[in-house]
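Beneath this line is the structure, given in structure tokens, with notes to follow.
The values are calculated or read from the model by the stated rules, or taken from the named source; none is laboratory data. All of these numbers come straight from a predicted model, not from anything done at the bench. Here the Cβ positions follow ideal geometry from the backbone for every residue, glycine too, while neighbour counts run over all protein chains shown. Keep in mind that these areas ignore ligands, DNA and RNA; they rest on the heavy atoms of the full protein, side chains included. Shrake-Rupley method; radii C 1.70, N 1.55, O 1.52, S 1.80 Å.
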Amino acid sequence: MGIEVKNIQKKFNKKKILSDVSLELEPGKIYGLLGRNGAGKSTLLSIIANRIFSDSGDVVLDGESVFERDEALGQIYLMSERNLYPEGAKIEKIFKLTELFYGSFDYEYANELADKFGLDVKQKFGKLSTGYRSIFKLIIALTVPARYVFLDEPILGLDANHRELFYRELLDNYVKTQKTFVISTHLIEEITNILEHVFILCHGEVVIDGNVEDIMKKAYLIAGPQKDVADYCRGLNIIGKESLGSIHGNYIYGDLDDNRILPDTVSVERMDLQKLFVNLTNMEEAKK
Amino acid sequence: MMTAKEVSVTNYFFKNTLKKLGYILIWIIFSSLFFPWVFSGFNFSSISLRSILTDTTLGPVLSILISGIALFPYNDFKLLIQSGISRKTFWKARILSFLAVSILGQLIGIVVGLLNPYTNHSWYGSSLYMQVYGKYFGSTAMNSFMGLCFILLSTSVVTVGAIMVGSIFSLFTKKARVYIFIGLFVMAVVFINWISAAVQNDYMLNIIKHTDSFLHFIVGYSGTNARVGAWNPTMPFIVAVLTGVVCLFGSYKIMELFKIKNE
């Protein structure tokens, strides 16, 4: 059950964007899809939602391909930076169209969210600012009866208050509906606490695919004098280094060896998801 | 059998096309009153209702307008792919709704013609078919029935053709479309120029003769003895059906390639 992305490959003008990407999305989880600009996140989401075609591979929902199947596509909603709604249509009209095409729509909840965010539903979509366009699309994303909701840069143009409100509403919606959310964003620190599972894409490949808790258990910062840190980290998977005066830090991703003796001069701290992401993607960049 | 989604999308296209059509018709009515009024020195009494109604050929006008609307599918595609609708459903709904609007338009055109006292309650004047083939069968009822069938068939073919042409252009970005239009225009100018020079050449004259014969064949012209009005309509029917099938298949195959463009 769930969505399976199987060996997706995609090239644009001979440039490889996605190379053999495979991942699984289980029902009722919040996923993070992270990657630097140009990593292929939006391309992958567009392929899952059938907006563009992959060169090879398949996207399967509950065992059947989603390609050109209304039933499967009706279970997927992609909110993206692209504005695909008619510019001249009023927000309330687009709510009606969403009901028409998805089969149902929670008007009460949509209007409640519009009130909370201060969105005028009589306004035309084309007249909205970037922030309010995001808010409008988020309202649809939270209200639409799709089981899998993909949010590509959902907080684009949103101020801090609206971002807070969105995270609260997202969690509230998740608890009530048990939908699957996939969030792709660059503001990693803000979403770390709500993610259960994370995928990190780098150069069109999935370099991390795992439960956030498990991943963070393997992410460390070893700090201290350079020589002591170097001795302690020998044989470990060093994904980044940092120095501040005489203090040196090594970022490690992987299990620490319990038999290793930790010198008094060296400290071991947990790394946050953003640091892990930055170091991992920098390392992958360096490899290329 | 149509699924609930197919019905919803077809209804949406049908209503949306009628809305656009109504909007355009209001502008046409306004323009056909406004310009005579302005050019007659802002004098309402000089506007002749009789002349306007005599010249009204609603069927062909509606056919052109509907085909024009059918030329622009991309915005609808964007909305529908955002709303979880497949390309196949998009194509099916678009074909069905536009055919329904086209057929409805022609039937309205005929009814308006029959009700119009200034056209002697006849729709023949606005029907090229009736003028060319309307006396082929001995029975007037049969000729009228075949005329009605041909109008509905040919309008449907024109509409489906417009859907196919619109689909082809929707595959390209706005920038590419501009280059294609410029390219086609230049090619047309060069072609006209070339053909006017080439007609003096025997080989070209031969090709033109063959083209002329072919055109006569597909319109059902059977020779100089054939009386205009009594040409054989079999070939036009066959050509219309074949063109319709090709356009239907072509538009489906092209819409299968639709995707969200980076523009």
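Rounded to the nearest 100 Å², what is the buried accessible area between A and B, both sides summed, probe 1.4 Å?
In total, this chain pair buries about 2200 Å².
Given N residues in the range A:58-183, what is Rg(Cα) / (2.2 N^0.38 Å)?
Normalised by 2.2 N^0.38 Å, the Cα Rg of the range A:58-183 equals 1.03.
Under 10 Å from the Cβ of A:Gly2, count the other residues' Cβ atoms, weight Lys and Arg +1, Asp and Glu -1, and hand me the total.
-2
Return the whole-Å distance between the Cα centroid of the range A:1-56 and the Cα centroid of the range B:229-263.
Taking the Cα centre of the range B:229-263 as reference, the centre of the range A:1-56 is 36 Å away.
Report Rg(Cα)/(2.2 N^0.38 Å) for the range A:1-104, keeping two decimals.
1.17
Strictly greater than 26 Å: what percent of every Cα pair in chain A meets that?
50
Give me the percent relative contact order of chain A, please, defined on Cα pairs under 8 angstrom at least 6 residues apart.
Result for chain A is 20 percent.
Compute a Gaussian network model of chain A, connecting alpha carbons closer than 10 Å, and tell me which residue from A:Val21, A:Val182, A:Val198 fluctuates the most.
Greatest mean-square fluctuation among the candidates belongs to A:Val21.
Each residue of the range A:167-177 in order: what ³J(HN,Hα) in whole Hz does its phi give by Karplus 6.51 cos²θ - 1.76 cosθ + 1.60, θ = phi - 60°, with x for Gly and Pro?
4, 5, 5, 4, 5, 4, 4, 4, 5, 6, 9
Quick one: pull the percent of accessible area on chain A belonging to carbon and sulfur, 1.4 Å probe, ligands and nucleic acids left out.
Here it works out to 47 percent.
Once the convex hull of the alpha carbons of the range A:212-261 is built, what does its volume come to per residue, in cubic angstrom?
Normalising the Cα hull of the range A:212-261 by residue number yields 71 Å³.
Ordering B:His121, A:His186 from largest to smallest accessible area (1.4 angstrom probe), what's the sequence?
Highest to lowest solvent-accessible surface, that is B:His121, A:His186.
Pairs of Cα atoms under 8 Å, at least six residues apart: use those to get the relative contact order of the range A:57-126, whole percent.
That works out to 33 percent.
So what's the Cα pair-distance distribution over the range B:161-262, bin width 5 Å, in %?
For the range B:161-262, the pair-distance distribution reads 2, 10, 11, 12, 13, 16, 17, 10, 5, 2, 1, 0.
Enumerate by residue number the trypsin sites (Lys or Arg not before Pro) in the range A:84-135 meeting two conditions: DSSP loop (anything except H, G, I, E, B), and at most 11 other Cβ atoms within 10 Å of the site's Cβ.
Of the trypsin sites (Lys or Arg not before Pro), the ones in loops of the range A:84-135 whose Cβ has at most 11 other Cβ atoms within 10 Å are A:Lys122.
Assigning unit charges at the beta carbon (Lys, Arg +1; Asp, Glu -1) and nothing else, what dipole magnitude in debye, to the nearest 20, does the range A:174-270 show about its Cα centre?
It comes to approximately 120 debye.
With +1 assigned to the C-beta of every Lys and Arg and -1 to the C-beta of every Asp and Glu, and no other charges, what is the dipole magnitude of chain B about the Cα centre in debye, to the nearest 20?
Here chain B has a charge dipole of around 780 debye.
Using alpha-carbon positions, what is the distance between the centroids of the range A:191-270 and the range A:150-169, in Å?
30
Hey, can you find the accessible area per residue of chain B for me, probe 1.4 Å, expressed in square angstrom?
58
Mean projection of the alpha-carbon convex hull of the range B:51-173 over all orientations, in nm²?
The number I arrive at for the range B:51-173 is 9.2 nm².
About its Cα centre, how strong a charge dipole does the range A:1-156 have in debye, to the nearest 20, once Lys and Arg get +1 and Asp and Glu get -1 at the Cβ?
Charge dipole of the range A:1-156: 860 debye, to the nearest 20.
Taking only the C-alpha atoms, wrap a convex hull around the range B:87-128 and report its volume per residue in Å³ as a whole number.
Taking the convex hull of the Cα positions in the range B:87-128, it is 53 Å³ per residue.
Would you kindly calculate the mean projected area, averaged across all directions, of the convex hull enclosing the Cα atoms of chain B, in square nanometres?
The Cα convex hull of chain B, projected and averaged over all directions, gives 19.6 nm².
Nearest 5 is fine: what % of DSSP beta bridges in the range A:7-157 come out antiparallel, could you say?
65
How high is the relative contact order of chain B, in percent, with contacts defined as C-alpha pairs under 8 Å that are six or more residues apart?
The value is 24 percent.
Quick one: accessible area per residue over the range A:1-107, 1.4 Å probe, rounded to a whole number of Å²?
Accessible surface, normalised per residue, equals 43 Å².
Largest first and in whole Å, give the semi-axes of the protein assembly as shown's equivalent ellipsoid, each being the square root of 5 times a Cα gyration tensor eigenvalue.
Equivalent-ellipsoid dimensions as semi-axes: 63, 28, 21 Å.
Is there a pair in A:Lys96/B:Lys175; A:Lys116/A:Lys137; A:Lys124/B:Lys259; A:Lys122/B:Lys259; A:Lys116/B:Lys15 whose C-alpha atoms are over 22 Å apart, and which pairs would that be?
A:Lys96/B:Lys175; A:Lys124/B:Lys259; A:Lys122/B:Lys259; A:Lys116/B:Lys15
Inverting the mean 1/r over all pairs of different Cα atoms, compute the Kirkwood radius of the range B:1-105 and quote it in Å.
15.8
Per 10 Å bin, what is the whole-percent P(r) computed from every C-alpha pair distance within the range A:150-288?
10, 35, 29, 18, 8, 0
For the range A:181-253, take the alpha-carbon Rg, divide it by the Kirkwood Rh, and send me Rg/Rh.
Ratio of gyration radius to Kirkwood radius: 1.05.
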